[in-house]
Amino acid sequence: MNVVQTALPGVVILEPKVFGDERGFFFESFNPRTFAAATGLSPTFVQDNHSRSAKNVLRGLHYQIKQPQGKLVRVAVGEVFDVAVDLRRNSPTFGKWVGTVLSAENKRLLWIPEGFAHGFLVLSESADFLYKTTTYYEPAHERCIVWNDPEIGIRWPLTGAAILAAKDLAGKRLQDAEVFG
């Protein structure tokens, strides 16, 4: 597995070894020994999630404040622009973001540690998005930063109007949000 460091320490892109031929392909999307060897981390995942979204659906920027989640994300069908935002107040990269394209074609995974908000925009006609979390989803602890906060300045590659859930439309600005430490 190849590890690509991003501009946010701790957020890494993982490129698995893919074995393919005329029949198709095979790759391990997660193996704890391989993950630990590549990253030095040994998270315990407690929940696997799968979402399907249409083109221009934008989900995020989500995080859990009192029960933070590490997330290992990937795309099984389609393509998304995936984003992590550093919400650790004492971090030198607080409020900064990184984004990368995850797709069924490139088979990349993104590791987003605790202390970061996460969101994605669907670039293809639809996308199946899969992710593992290190803690359970707890609605009482869920928070959302508005996707277009000018203080963060994410450059979403939109090709039309973003399609958002009500909770994402109601997200707070970074300056008004609960953040970590």
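Values as computed for the structure displayed
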item	result
Long-range neighbours under 7 Å by Cβ, at least six apart or interchain, first residue surrounded by 14 or more Cβ atoms within 10 Å (Cβ to Cβ) and among the acidic types (Asp, Glu) within segment 2-19, second outside any loop (DSSP other than H, G, I, E, B) and at pLDDT 95 or above	Glu15/Val4
Sole exception among (1) among the polar types (S, T, N, Q); (2) touching a strand residue (DSSP E or B) at 6+ places or on another chain (Cβ under 7 Å); (3) outside any loop (DSSP other than H, G, I, E, B) for Ser124, by number	(3)
First in segment 162-178 and β-branched (Val, Ile, Thr), second anywhere and crowded, with 16+ Cβ neighbours inside 10 Å and not in a loop (DSSP other than H, G, I, E, B), Cβ under 9 Å, 6 or more apart	Ile163/Ser53; Ile163/Val57; Ile163/Leu58; Ile163/Val122
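Residue-wise test of (1) surrounded by fewer than 19 Cβ atoms within 10 Å (Cβ to Cβ); (2) assigned to a strand (DSSP E or B); (3) on the phi < 0 side of the Ramachandran plot.
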residue: Leu102; (1), (2), (3): no, yes, yes
residue: Asn106; (1), (2), (3): yes, no, yes
residue: Leu110; (1), (2), (3): no, yes, yes
residue: Ala117; (1), (2), (3): no, yes, yes
residue: Phe120; (1), (2), (3): no, yes, yes
residue: Tyr136; (1), (2), (3): yes, no, yes
residue: Arg143; (1), (2), (3): yes, yes, yes
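The values are calculated or read from the model by the stated rules, or taken from the named source; none is laboratory data. Bear in mind that the values here come from a model prediction, so they are computed numbers and not experimental data. Cβ: placed from backbone, ideal geometry, glycine included. Neighbour counts: every protein chain shown.
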